[in-house]
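The values are calculated or read from the model by the stated rules, or taken from the named source; none is laboratory data. Because the structure is predicted, anything quoted here is derived from the model rather than measured. Note that each Cβ is placed from the backbone with ideal geometry, even for glycine, and that neighbours are counted across all protein chains shown. We work out accessible area using only protein heavy atoms, side chains counted, and drop any ligands, DNA or RNA first. Shrake-Rupley method; radii C 1.70, N 1.55, O 1.52, S 1.80 Å.
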Amino acid sequence: LDAFEKEKPLIDQPLRLPIQDVYKFTGFGDSRRIIAGTISSGSMQVGDRLVSYPSGKQTNLQTFEAFNEPVKIHAHSGMAVGFTMEEQIYLRRGEIISRMSDPAPAVSTRLRVSLFWLGQQPMVSKKQYLLKLGTAKERVQIETIHQVIDASNYTRQNAGSEIHHHDVAEVTLKLAHPIAFDTSEKMPNTSRFVMKSI
């Protein structure tokens, strides 16, 4: 344990900030809209041109907001932040904030993924499930099961209509709405997801 090294923040990676919540103040003439979340990778500072995915809406970072803390102009991976925007655009929980100057995350309604199913009931094509990736939640169904690996003997099955408990499968998912994500070899934190039955 003494030799264990804590994972270093992913400061040198593109900015990824999944929106946790949006706070709107209306009392005492306060019209701020504060975007809150934890920076998954990269860094951001006052004045940065930001883009929110999948909507593609853009704004400039105006201020960082915090209760009873010194004013800051810079934040990086691993930090929970709240910030205001110069242009008051409507953003929602689950969108991913990036910088205009950074490579953008992918956006799609279809994902080809590898998954490990832990549900007691088999996972089946065309049934509705809930996918959670970061702070985003979307309804999803399996469009195609490409391959299933039986975890008990590691045999591969090329086709089928069900994924059983403890099976590993490669599938194409069809989502109800577009979602922003990265591929696992580029940005692991914004590529991992969980699914459950509805």
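Using a probe of 1.4 angstrom and keeping all protein chains present, the accessible surface of the range 91-198 works out to 56 square angstrom per residue. When only the Cβ of Lys, Arg, Asp and Glu is charged (+1, +1, -1, -1), the dipole of the chain relative to its Cα centre reaches about 620 debye.
The order of the peptides 62-73, 177-188 by mean Cβ neighbours within 10 Å, most packed first, is 177-188, 62-73. Its Cα centre serving as origin, the range 122-163 has a Cβ charge dipole (Lys and Arg +1, Asp and Glu -1) of approximately 180 debye.
The listed peptides 163-174, 112-123, ordered by packing as a protection proxy, come out as 163-174, 112-123 (highest mean of other Cβ atoms within 10 Å first). Packing-based ranking of 48-54, 127-133 yields 48-54, 127-133, ordered from highest to lowest mean Cβ neighbour count within 10 Å. Relative contact order, whole percent, for the chain stands at 20, derived from Cα pairs under 8 Å and 6 or more residues apart. Positive end of the dipole of the chain (Cβ unit charges, origin at the Cα centre): among 100, 171, 151, the Cα lying farthest that way belongs to 171.
Counting only Cβ charges, +1 for Lys and Arg and -1 for Asp and Glu, the dipole size of the range 80-153 around its Cα centre is about 320 debye.
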